[in-house]
1. Please go through the residue pairs K85/K120; K214/K257; K60/K85 and name each one whose alpha carbons sit more than 18 Å apart in this structure.
2. Determine the sum of side-chain charges near E89: Lys and Arg each +1, Asp and Glu each -1, restricted to other residues whose C-beta is under 12 angstrom from that of E89.
3. Taking the Cα centre of segment 133-270 as origin and charging only Cβ (+1 Lys, Arg; -1 Asp, Glu), how large is the dipole, in debye to the nearest 20?
4. Just list whichever of K98/K186; K113/K143; K152/K222; K78/K98 have alpha carbons separated by over 22 Å in the model shown.
5. On the accessible surface of segment 58-190, probed at 1.4 Å, how many percent belong to carbon and sulfur atoms?
6. Among Q196, A224, V181, whose Cα sits farthest toward the positive end of the charge dipole of segment 162-240 (+1 at Cβ of Lys/Arg, -1 at Cβ of Asp/Glu, about the Cα centre)?
7. Once each part is reduced to its C-alpha centroid, what is the distance from segment 86-154 to segment 179-244 in angstrom?
8. Report the FRET efficiency, 1/(1 + (r/R0)^6), for I189 and V57, where r is their Cβ-Cβ distance and R0 is 30 Å, rounded to 0.05.
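The values are calculated or read from the model by the stated rules, or taken from the named source; none is laboratory data. None of these values were measured; they are calculated from a predicted model. Methodologically, a virtual Cβ is constructed for each residue, glycine included, from the backbone with ideal geometry; neighbour enumeration extends over all protein chains shown. Heavy atoms of the whole protein, side chains included, go into the accessibility calculation; ligands, DNA and RNA do not. Shrake-Rupley method; radii C 1.70, N 1.55, O 1.52, S 1.80 Å.
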Amino acid sequence: MKQKTWPARSDGSRFLSLPLSKIKGPKFPTRTSTRQIRFYTTRPSDGQDFSALPYDVLTKIAASFSLQNLRAASLVCKSWSEALKPLREAMLLLHWGKRFKHGQGGVRPNLDKALDSFLKGAARGSALAMVDAGLIYWELGHKDKAVALYHKAAELGDPAGQCNLAISFLQAEPPNLMEAVTWLYKASIAGHVRSQYQLALCLHQGRGVNCSIKDAARWYLKAAEGGYVRAMYNVSLCYSSGEGLVRSNQLARKWMKRAADRGHTKAQFEHGLALFSGT
């Protein structure tokens with residue numbers, strides 16, 4: 001059976017991520033954390049006055065909120081409800097932008113209208129809309145505009161924006177590796193699985209950071225546990241070779257099968273070979 005090989009640090013072809021224009025799943029980066037933010041709907045017993053929070057601070061905090069969390073925050077007090085009105089409007093524009101982009105909900109695909117909706121949402125402060133507008137700009141070849149929007153979303157704490165900004169730094173000529181790793185780490189600790197996988201690649205290949213197979217394997221495993229298929233395949237290689245993780249044929253087979261079951265073609269091939277050979 002053909003020997004499995006790890007990527008060379010120069011290119012890492014076996015571990016490359018998808019280009020920004022080919023992100024799998026939904027057509028915009030998804031948020032991987034299901035953690036919900038809890039808000040008081042009445043003034044707490046310590047007498048803290050939430051309405052005293054400056055509007056600009058509040059809107060920056062809420063810029064990357066999901067619709068559910070934004071609605072919850074709007075119920076805290078009348079002051080918050082008024083301050084967050086632009087972001088609630090941005091959510092509606094974001095919704096229509098997705099419908100125009102993908103031709104959903106009885107409308108025909110229209111990229112111009114989608115971009116217009118996303119930009120209007122971004123102007124109202126939504127980091128989510130900034131990312132979606134950036135994706136369209138990237139697909140149209142306007143990378144400078146895309147990166148500017150990714151940067152705004154990243155500074156507002158949006159993990160998808162941080163991930164896309166980091167990848168744009170990795171793909172730049174010349175690449176800005178240290179800046180890329182900085183943003184990947186921020187998104188990774190927030191639980192963004194694609195960022196965790198990309199950070200693992202950088203650690204594995206020594207791009208922008210000292211090469212560390214052990215740390216790379218740790219982030220591969222986090223991304224795999226979060227459902228990232230390419231990370232599942234790499235975790236299997238780590239377990240089968242004993243690089244970064246304690247060697248375990250059982251765990252290697254488990255992760256290879258998981259990647260194969262989710263459509264990873266190399267995993268399907270290698271899992272099939274293992275079944276055929278009885279290993």
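1. Numbers: K85/K120 14 Å; K214/K257 23 Å; K60/K85 13 Å.
In this structure, K214/K257 exceed 18 Å between Cα atoms.
2. Values: positive: K85, R88, K120, R124; negative: none.
Local charge sum for E89: +4.
3. Numbers: 17 positive and 11 negative charges, 110 e Å.
That gives segment 133-270 a dipole magnitude of about 520 debye.
4. Values: K98/K186 27 Å; K113/K143 19 Å; K152/K222 27 Å; K78/K98 30 Å.
Result: K98/K186; K152/K222; K78/K98 exceed 22 Å.
5. Working: 3490 of 6280 Å².
On segment 58-190, the fraction of accessible area on carbon and sulfur atoms equals 56 percent.
6. Highest projection toward the positive end goes to A224.
7. 29
8. Values: r = 22 Å, r/R0 = 0.75.
Computed FRET efficiency for I189 and V57 comes out at 0.85.
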